[in-house]
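Structure first, then comments.
The values are calculated or read from the model by the stated rules, or taken from the named source; none is laboratory data. The structure displayed is predicted, hence computed values, not measured ones. Don't worry about glycine lacking a Cβ; one is built from the backbone with ideal geometry, like all the others, and counts go over all protein chains shown. All accessible areas refer to the heavy atoms of the entire protein, side chains included, with ligands and DNA or RNA removed. Shrake-Rupley method; radii C 1.70, N 1.55, O 1.52, S 1.80 Å.
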Amino acid sequence: MRKIKLALCDDHNLFRVGMASILTQIPDFDLILEAANGQELIDKIARRMPDVVLLDLQMPVLDGTATADYLREHHPLVKIVVLTMHDEDRMVLHLLEKGVSGYLLKDSDPEEVEKAVRKVIDEGVYLNEFVSRAMLRKMTNAAAAAKPASTLYNSKILLSEREKEVLKLICEGLSTAEISEKIFLSPRTVEGHRLRILEKTGTKNTAGMVAYAFKNNLV
């Protein structure tokens, strides 16, 4: 079985050592590099390329947001799972829209970290209950603001009825295979709809598309 190559970037040595200990106990996880800030990660990643980066946000030299921007531009195939204490809805949605694949709080259970890594490898995104609640609050607040009918959805984003259906199911956390079974389409057709939605919304990956959908009341 091919191992999942991981990078861990966090400036708090005690937390980093503890997380590294947890990750190295998982048989098919391979922690190939550690870094104390974004610049150190960038310097090291040129020599050893991970599949997933576990990334803190608040760090010296180069913070997590700037590091995520660099990775998305220069290494778009690398998945990013944010691991932080910042629980603001605005930050969650902002980073997901930028293309981060998952967002975890540092008090998450080790089992959830493992689940998130596997999920972003298999499906490209991990949306846990915390992220889903942030999205729901955004949607509820937008509805309460009673915006005019001519929203971004109506004026700029034109999705077919099938694309709307696929987008809704993606936002519910269903995988391509699950959507295929639910609406009786082949996985290839579902993936085609997903790619067209990405193109129409101008987002970089599934996580960004989901964040965009909630932010702009598409679902």
Using only Cα atoms and rounding to the nearest 10 degrees, what angle (0 to 90) does helix 64-74 make with the longest principal axis of the chain? 80
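Taking a cut-off of 32 Å, what percent of all Cα-Cα pairs in the chain are separated by more than that?
Details: 4744 of 23871 pairs.
So the portion of pairs separated by more than 32 Å is 20 percent.
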Sites matching trypsin sites (Lys or Arg not before Pro) across segment 155-219 that sit in DSSP coil, with at most 13 neighbouring C-beta atoms within 10 Å: K156
Loop-located trypsin sites (Lys or Arg not before Pro) in segment 1-104 whose Cβ has at most 14 other Cβ within 10 Å (DSSP): R2, K3, R47, R48
Select from Y126, Y103, Y70 the residue whose mean-square fluctuation is largest in a Gaussian network model of the chain (Cα-Cα springs shorter than 10 Å). Y70
Considering the options A116, S186, L71, tell which one lies farthest towards the positive end of the dipole of the chain, charges being +1 on Lys and Arg and -1 on Asp and Glu at the Cβ, about the Cα centre. S186
Using alpha carbons only, how many degrees (0 to 90, rounded to 10) separate the axis of helix 129-144 from the longest principal axis of the chain? 40
Provide the descending list of Cα extents for segment 1-97 along its principal axes, expressed in whole angstroms. 37, 29, 23
Largest first, please: the extent of the C-alpha atoms of segment 44-140 along each principal axis, to the nearest Å. 44, 27, 22
Rounded to the nearest 20 debye, dipole of the chain from Cβ charges on Lys, Arg, Asp, Glu: 820
Within the chain, which is the longest segment that contains none of the GluC sites (Glu not before Pro) sitting in a DSSP loop with at most 15 other Cβ atoms within 10 Å? 1-87
When the chain is treated as a GNM, springs tying every alpha-carbon pair under 10 Å, which of L105, L54, L167 comes out with the largest mean-square fluctuation? L105
Specify the inter-centroid distance of segment 35-51 and segment 164-219, based on alpha-carbon positions, in whole Å. 31
Among the DSSP beta bridges whose two residues both lie in segment 46-135, what percent are antiparallel, rounded to the nearest 5? 0
Taking Cα atoms only, helix 206-215 is inclined relative to the longest principal axis of the chain by an angle, in degrees rounded to 10, of 50
Note down the accessible area of S101, probe 1.4 Å, to the nearest 10 Å². 0
